[in-house]
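FYI, it's all coordinate maths here, none of it is from the lab. Everything numeric in this text was worked out from a predicted model, so none of it was measured. Neighbour counts are summed over all protein chains in view; Cβ atoms, including those assigned to glycine, are modelled from backbone coordinates with ideal geometry.
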Amino acid sequence: MAGKWSALTDDLGHCYITGSGRAAVHHVFPGTGRRKLCEKYGFIVPLEPELHNMSASSVHSNPNRGLDLQLKQECQRYFEAHYGSRNEFISVFGRSYL
Ligand SMILES: [Zn+2]
C-alpha cells in the first residue's frame, strides 16, 4: 500500500466503518481510468470484506445507494472543499452525487 493515501481516513489498515482489521482498500469511484484518479485525489477507503464486496449488502453489490452513496458524497464534499468546483468534480468523475 506504499504511496496510497485516503482523504477520508489516516488509517488504511482498518475498516473505515467498523474498525475491523480485515480491511481491503476500496476505490470509491469505479470505472475505466478512475482507479488512478481515486488514488490521485485520495478517494480510497478501507472496508471490511462484508461491506466491500463479499455480501449482498456490500458497496459493490449496491452502487449509488446506502454506504456506497455515502462514501461518494463524502469524497465529493472533500473535492469541493479542497480541489475545485462542482463542475470540475463532474468533469473528472462524470456526475454529481450531491
Ligand atoms: Zn472496491
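Tabulated results
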{"item": "Kirkwood hydrodynamic radius (C-alpha pairs) into Stokes-Einstein, the chain, 25 °C and 0.890 mPa s, D in µm²/s", "result": "182 µm²/s"}
{"item": "Least to most buried among 36, 4 (fewest other Cβ within 10 Å first)", "result": "36, 4"}
{"item": "Sum of -39500 (n - 2.57) over DSSP H runs of 4+, divided by residues of the chain (222 nm, nearest 500)", "result": "-11000 deg cm²/dmol"}
{"item": "Residue 92-residue 53 FRET efficiency (beta carbon distance; Förster radius 22 Å; 0.05 resolution)", "result": "0.40"}
{"item": "With Cα atoms, 0 to 90° folded angle of helix 66-82 axis to the chain main axis", "result": "40 degrees"}
{"item": "Ranked 90, 17, criterion: other C-beta atoms within 10 Å, fewest first", "result": "90, 17"}
